[in-house]
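A.B. asks: Please see the structure below; I have some questions.
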Amino acid sequence: MSELYQKIPGIYMREEQKPFNLIEGVYREPELELLKDIEWTFTEKVDGTNIRIVWDGHNVVFGGRTENTQIPSHLVTKLNELFMGTRMEQVFEQVFGGSKAILFGEGYGAKIQKGGGNYSETQKFVLFDVKVEEWYLRREDVEGVASKFGLDVVPIVAKGTLQKGVDIVKAGLKSQWGDFTAEGLVAKPSVDLFNRKGERILTKIKTEDFTK
């Protein structure tokens, strides 16, 4: 079971020379081209730091985007409040039993990224995925886990074709955390699909790629 979250590719290819602009309509992966007109689910992309909450069946440990990622100390304090202690250990046991599980989320707020204070004056955690053993949970099950742990889940912005997601971002997507522009969208087929490497098909549509 891989503990690292897969890298999410951007939606379009880029020019091979400066300024390396996106080539709209030329999809980064052949799977995106093939599936562009099916229904995708778009969630807001949060500008923070990727966090893994790993339950090995007995204990909880924290991790970042990679094995070498250093989690800011003030965020570690918040994660300890949310997930550590005897009470929370019992919650993990009740929800997952002896199965290995990973809660994937974003640590966000002041002092985490430039502009993080737009989201929150304090450090917080929002859930976006859950993996139990080798299986990623469906959205409704992710929401169920979030409810049991008292966590927020990244909001669903819309559903539709990939072009609809692009149009939403190009129109100026406002964050659901406040009166500022969202970082973008993460898109996944409304029913999980996988590429030839066995990875889920995902893509991201970033606001900065469509602003001059």
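The values are calculated or read from the model by the stated rules, or taken from the named source; none is laboratory data. What you see is a predicted model, and the numbers here were worked out from it, not measured in a lab. Ideal geometry is used to build each Cβ from the backbone, glycine not excepted, and the neighbour counts take in all protein chains shown. Note: accessible area is taken over every heavy atom of the protein model, side chains too, but ligands, DNA and RNA are not part of it. Shrake-Rupley method; radii C 1.70, N 1.55, O 1.52, S 1.80 Å.
A.B. asks: Going by average Cβ density within 10 Å per residue, which order do the peptides 24-33, 103-112 take, highest to lowest?
C.D. replies: 103-112, 24-33
A.B. asks: Below 8 Å, C-alpha to C-alpha, sequence gap of six or more: please give me the relative contact order for the chain in percent. Don't skip to the end; give the middle numbers.
C.D. replies: Details: 380 pairs, mean separation 55.2, N = 212.
Value for the chain: 26 percent.
A.B. asks: Ignoring ligands, DNA and RNA, please state the percent of accessible area on the chain from carbon and sulfur, probe 1.4 Å. Could you put the intermediate results ahead of the total?
C.D. replies: On the way: 5470 of 11590 Å².
Solvent-exposed carbon and sulfur of the chain make up 47 percent of the total.
A.B. asks: Go through segment 119-212 and name the chymotrypsin sites (Phe, Trp or Tyr not before Pro) that are in a DSSP coil and have 14 or fewer other Cβ atoms within 10 Å of their Cβ.
C.D. replies: Here the chymotrypsin sites (Phe, Trp or Tyr not before Pro) that fit, given the DSSP loop and packing criteria, are PHE180.
A.B. asks: When Lys and Arg each count +1 and Asp and Glu each count -1, what net charge do the other residues less than 10 Å away from LYS45, Cβ to Cβ, add up to?
C.D. replies: Within the 10 Å Cβ shell, the charges total -2.
A.B. asks: Taking +1 at the Cβ of each Lys and Arg and -1 at the Cβ of each Asp and Glu, which of VAL132, MET84, PHE42 sits farthest along the dipole of segment 22-172 towards its positive end, judged by Cα position relative to the Cα centre?
C.D. replies: MET84
A.B. asks: From the Cα gyration tensor of segment 96-177, with a ≥ b ≥ c the square roots of its eigenvalues, which class applies: rounded if a/c is under 1.5, or else prolate if a/b is larger than b/c, or else oblate? Display every interim value, and only then the final one.
C.D. replies: Numbers: a/c = 2.54, a/b = 1.28, b/c = 1.98.
Oblate, since a/c reaches 1.5 and b/c is not below a/b.
A.B. asks: Within the P(r) computed for the chain, what percentage of the Cα pairs occupies the region above 31 Å?
C.D. replies: Roughly 21 percent, rounded to a whole number.
A.B. asks: I need the phi-derived Karplus couplings for segment 156-166: 6.51 cos²θ - 1.76 cosθ + 1.60, θ = phi - 60°, integer Hz, Gly and Pro marked x.
C.D. replies: 7, 8, 6, 9, x, 6, 4, 4, 4, x, 4
A.B. asks: While we're looking at this one, here's another question. Averaged over every viewing direction, what's the projected area of the C-alpha convex hull for segment 136-183? Give it in nm², one decimal, please. Don't skip to the answer; put the middle values down first.
C.D. replies: Numbers: hull surface 17.6 nm².
For segment 136-183, averaging the hull's shadow over all directions gives 4.4 nm².
A.B. asks: Over segment 1-140, average the accessible area per residue using a 1.4 Å probe and give it in Å², no decimals.
C.D. replies: For segment 1-140, the per-residue accessible area is 56 Å².
A.B. asks: Under a 5 Å amide H to amide H cut-off, with H placed in plane at 1.01 Å, what residues pair with LEU151 once short-range neighbours are removed?
C.D. replies: Those qualifying (amide H under 5 Å, at least 5 residues apart or on another chain) number zero.
A.B. asks: Compute the Rg to Rh ratio over segment 1-80 from the alpha carbon atoms, using the Kirkwood formula for Rh, and round to two decimal places.
C.D. replies: Across segment 1-80, the Cα-based Rg/Rh ratio is 1.09.
A.B. asks: On to the next question. Could you work out the percent of alpha carbon pairs in segment 161-212 separated by over 19 Å, rounded to a whole number?
C.D. replies: The answer is 36 percent, as a whole percent.
A.B. asks: Moving on to the next point. Show the residues, 5+ positions off or on another chain, whose built amide H is closer than 5 Å to the amide H of ALA158.
C.D. replies: Distant-sequence amide H within range of ALA158: PHE42.
A.B. asks: Additional query: Could you work out, for segment 76-130, what percent of all Cα-Cα pairs fall into each 5 Å distance bin, beginning at 0 Å and stopping at the bin that holds the largest distance?
C.D. replies: 5, 17, 21, 23, 16, 9, 7, 2
A.B. asks: Using only DSSP helix segments of four residues or longer, with each worth -39500 (n - 2.57), what per-residue ellipticity at 222 nm results for the chain after dividing by its residue count and rounding to 500?
C.D. replies: Using -39500 (n - 2.57) per qualifying helix, the result is -6500 deg cm²/dmol.
A.B. asks: Now for a separate question. Excluding SER190 itself, what net charge comes from residues whose Cβ is under 13 Å from its Cβ, given Lys and Arg +1 and Asp and Glu -1? Write down the numbers at each step before the final one.
C.D. replies: Working: positive: ARG138, ARG139, LYS159, LYS164, LYS188, ARG200; negative: ASP37, GLU39, GLU140, ASP192.
That works out to +2.
A.B. asks: With a 10 Å radius around each residue's Cβ, average the other Cβ atoms per peptide and rank 87-100, 156-169, highest first.
C.D. replies: 156-169, 87-100
A.B. asks: Also: Using modelled amide H (1.01 Å from N, peptide plane; none on Pro or chain starts), what sits under 5 Å from the amide H of GLY10, excluding residues fewer than 5 places away?
C.D. replies: LYS204
A.B. asks: Which whole-number percent gives the relative contact order of segment 91-164, counting Cα pairs below 8 Å spaced six or more residues apart?
C.D. replies: Values: 92 pairs, mean separation 20.2, N = 74.
Relative CO of segment 91-164 lands at 27 percent.
A.B. asks: Of the listed peptides 58-67, 40-49, what is their order by residue-averaged count of other C-beta atoms within 10 Å, with the highest listed first?
C.D. replies: On the way: 58-67: 13.3, 40-49: 22.0.
Put in order of decreasing packing, that is 40-49, 58-67.
A.B. asks: If the convex hull of the alpha-carbon atoms of segment 22-147 is projected onto planes in all directions, what is the mean projected area in square nanometres? Can you show the working numbers first?
C.D. replies: Working: hull surface 39.8 nm².
Mean shadow area of the hull around the Cα atoms is 10.0 nm².
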